[in-house]
Structure formats: structure tokens, C-alpha cells
Protein chains: 2
Amino acid sequence: MPSPSPAIRWSQPTDRDAILALIRDTGFFRDDEIEIAREVLDDALRDGPSGDYQSYTALLAGRPVGWVCFGHTPCTIGTYDIYWIAVDRGEQGKGIGRALLQDAESRIAGLGGRISVLETSGRGLYDSTRGFYLKLGYIEEARLREFYAPGDDKVVYTKRLGGGQGRG
Amino acid sequence: MPSPSPAIRWSQPTDRDAILALIRDTGFFRDDEIEIAREVLDDALRDGPSGDYQSYTALLAGRPVGWVCFGHTPCTIGTYDIYWIAVDRGEQGKGIGRALLQDAESRIAGLGGRISVLETSGRGLYDSTRGFYLKLGYIEEARLREFYAPGDDKVVYTKRLGGGQGRG
């Protein structure tokens, strides 16, 4: 039986604790990264869609099970960074990450975005993350050796969205 | 006769107008980039050295003739971005940019930085900028096609500072 599709909507203040908990529970993020996620989420909740961060929550049966946060990359025309994407540890493998990412890409294209950018670590812990991006049509466009820390490369994935500036 | 070395010190509120004017006059930055430089400079002036942005002014005979702004790259251990470097259009070719960049690298190493990162455009307008980074020991580590705009690649230069985490 296929998994039910999550509902995806703009993040609400009532999602906050659940989003922060699911980010923490994934085991993919260090404390300093979680702190930055918190700041970004709080900015989005405060500023709304006209702010720098676009924040969407995936829900199953009304419960927050995933989060994506993206925004226009400063000093670019039509490039968007997907800063965060995370799925509740107990709900992974059900297509929630895919739904969140594709929803974000649609919204970015709708804003006139040309390119979606995802950055992640080259460490083994992130093998499945990188495989997920490749499966969703991203290409590895750059690798910066030891960027995050000694032994921890930054890998940059991009995807051409086929939209264009005219749509923004 | 060799050019006199500039004095380099933490940026002061009285430098603000001169820095913004020299950035504008270089012709290298778009209005939206200048606006971001202004925000970054104002953050540095407000927050001081404990803030996110480290901002230094080069002076010749007491007059601001150059500006560099760098900071720790979030979510990294020991990586620093040099966000802005600019020299007064009338004072270029006198070693001010080199002095500013090397001073920034020393400070970054003193803060425990391992890697200094500079990003610039692949457009012809920036040929001299890229040549300057290469001459100062940077390598082109990545190129993201059309990142800034259609036809405008982002080129990422890095330099290993030979310092290390132990010094921070």
C-alpha cells in the first residue's frame, strides 16, 4: 500500500517545537547547526513569506513530520538555496523528503528561480542524503575539500529548474 | 619609490561614508550587492569584533582607501569567508588590496582559521580580481555555472592558512 502523501503548508508557530525535535532526532546535525536552524525557523515564523526564509512543514494526520527551509541566495538572480530539509526519524522512507523537496522546487520556480542549490557533507553519514539528491535530479557541481572541518568536505548539488526569470 | 604601506585598523563609524563611496566607485558591484555591503558594515560597526563580521579599514594619510570584511563561516570548524574586499579606485595598484588580504589572513589564522574562502564572478570584468587571488596563493577550487545570473558563474577560491584549530 503506498504511503499517504503529507500535507505541506507554511510553518506555523505551533509547529516549532516539533520541527526542532525532529531535526535533533535525525542525528544528522551538530548542536551549532541546530542552533542555526532554530534562528532560521524563528526568522521565518516572525517575518512570514516576505522574509529571507521560506519555511514549510509536512504533516501526516496533522502532526509535523518534516521541514524544509529555502530562500533566495543573496547577490544572485534566480538562485535559491535549500538551507534545511529534515524528516522525522520514525517517518523516513515514506516519500516525505521527496514531497518536501519537490514542493520547494515548485515554489522556487514559481518565484522565478532558475537554480536550486543543496549543500551537504561528504562524510559517510550523509551517503543516503547525497544519494537522495542525485535521485531527485541534482548533480554534484562542486566539492570543497575539508570545508566543514578537517576530513569533512562540502559537496554542492545543483538542479536547473527549467523555469526562468520571467515567472517571478 | 615603493608605495607607502597603508595603516589597517578596525573600521570606525567615521569610515562608513568613505567605505560605501569607494565600494560604489569601484564599478565592481551592483546596487543590490552594495546594499548588502552596507548591511554587513553596519552590523560590524554595531556589534564590534565579537559579532559575525570582522571589518577593517586601510588608511593612507588617515584617509580610508580600502575595506575588507570577513567572518567565520557558519556550521564550519575553522573556515572563514572573506566577504568583501575593495580598494579606492584612485589608489589601486599600490599594494593596498594585498596588504588588506594578508592582514585578514593573519587575523583569521590567529582566530584558529584553517581555510580562507573568496568567491567571485567568472565574468571578464573580474579577470584582474581572479588573477589577484591566484597571485596571493589562492586556488580555484570550484566553479558553479550561472550561479549569480545567466552567463555569470561563481568561482570559489580557497587558501590553506597552515594554522589550525589549536590557535583559536
Next item on the list: Sort out for me the Cα centre separation of the stretch A:1-38 from the stretch B:94-168, rounded to whole Å.
Entry: 35
Next item on the list: Calculate, for A:Leu125 and B:Arg160, the FRET efficiency according to 1/(1 + (r/R0)^6) with r their C-beta to C-beta distance and R0 30 Å; round to the nearest 0.05.
Entry: 0.80
Checklist line | the stretch B:76-132: chymotrypsin sites (Phe, Trp or Tyr not before Pro) in DSSP coil with no more than 12 other Cβ atoms inside 10 Å | finding: none
Next item on the list: First check a/c for the stretch A:57-168, with a ≥ b ≥ c the square roots of the eigenvalues of its C-alpha gyration tensor; if it is under 1.5, answer rounded, and if not, answer prolate when a/b is larger than b/c or oblate otherwise.
Entry: oblate
Notebook entry, point to check: With each run of n ≥ 4 DSSP H residues scored as -39500 (n - 2.57), what mean residue ellipticity at 222 nm is computed for the protein assembly as shown after dividing by its residue count and rounding to the nearest 500 deg cm²/dmol?
Noted result: -10000 deg cm²/dmol
Item checked: Cβ nearest the rotation axis (B onto A), residue from chain B and distance to the nearest whole Å -> B:Ala142, 2
Checklist line | Calculated FRET value between B:Lys135 and A:Ile36, using beta carbons and R₀ = 41 Å, to 0.05 | finding: 0.75
Next item on the list: Restricting things to alpha carbons, find the Rg to Rh ratio for the stretch B:7-119 using the Kirkwood radius for Rh.
Entry: 0.94
Margin query: What's the magnitude of the charge dipole for the stretch A:7-163 around its Cα centre, counting Lys and Arg as +1 and Asp and Glu as -1 at the beta-carbon? Answer in Debye, nearest 20.
Written below: 620
Margin query: Springs between alpha-carbon pairs under 10 angstrom, Gaussian network model over chain A: which of A:Gly90, A:Gly48, A:Gly66 fluctuates most?
Written below: A:Gly90
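Any read-out appearing in this document is the output of simple, stated calculations on the displayed coordinates, not a laboratory observation. Here the structure is a predicted model, which is why all the values come from computation and not from measurement. When we count neighbours, we look across all protein chains shown, and the Cβ atoms used for this are built from the backbone with ideal geometry, even at glycine.
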